[in-house]
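The values are calculated or read from the model by the stated rules, or taken from the named source; none is laboratory data. Predicted, not measured: the structure shown is a model, and the values here were computed from it. Here Cβ is always computed from backbone atoms with ideal geometry, including for glycine, and neighbour counts include all displayed protein chains.
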Amino acid sequence: MIKWTDSRKRIGALALAGAGVVLGLAVPVLAQGNGLAMLGTLAKGEWTIRQRSGAPERKICVKSGAELIQLMHRESGCSQFVVEDGAARVTVQYTCPGNGYGRTSIRRETPALVQLESQGIESRTPFQLTAEARRTGTC
């Protein structure tokens with residue numbers, strides 16, 4: 001026969017263990033929440049992306065720097081995982097449900113010039129992008 005005090009101790013122990021699991025899962029999310037500070041140091045405005053493959057130039061409006069992460073996957077709703085978060089370089093891996101995934105590295109040379117490398121799958125087709133992005137105006 002289980003006594004009331006024994007049951008109470010078990011419930012308390014289970015609640016404490018559950019809280020530990022929840023906190024353990026939350027720590028990586030909290031650690032990533034303030035990341036990618038380097039992208040915030042980039043100049044805001046219109047940026048021109050020149051691919052080394054000779055593809056036509058592309059212009060995008062940069063407001064936070066995060067726009068440079070998913071160049072091949074412009075849709076929202078993609079999950080991101082920060083692989084590297086340095087003062088001059090960030091690497092982010094992302095997955096877009098139903099449309100593939102990618103991994104992008106951005107290396108900052110100046111607030112108005114970065115080097116980009118990205119590869120992955122978009123619409124069931126592999127892609128690899130190596131480019132230079134430079135601020136070229138306002139948007």
For Ser79, only one of the following conditions fails: (1) at pLDDT below 95; (2) loosely packed, with under 11 Cβ neighbours inside 10 Å. What is its number? (1)
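So which residues in the stretch 69-103 are among the hydroxyl-bearing types (Ser, Thr, Tyr), farther than 13 Å from Met38 by Cβ and touching a strand residue (DSSP E or B) at 6+ places or on another chain (Cβ under 6 Å), if there are any at all? Step through it out loud before you land on a result.
Keep residues of the stretch 69-103 that are among the hydroxyl-bearing types (Ser, Thr, Tyr), which gives 76, 79, 91, 94-95, 101.
Next, only the ones that are farther than 13 Å from Met38 by Cβ stay: 76, 79, 94-95, 101.
Result: Ser79, Tyr94, Thr95, Tyr101.
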Condition test on Gln128, is it free of Cβ contacts under 8 Å to residues at least 12 places away in the same chain and part of a strand (DSSP E or B)? yes
Counting only residues in the stretch 50-107 that are among the hydroxyl-bearing types (Ser, Thr, Tyr), in a strand (DSSP E or B) and out of contact with any Pro (no Cβ under 9 Å at 6 or more places or on another chain), the one farthest from Ser118 (Cα to Cα) is identified as Thr95
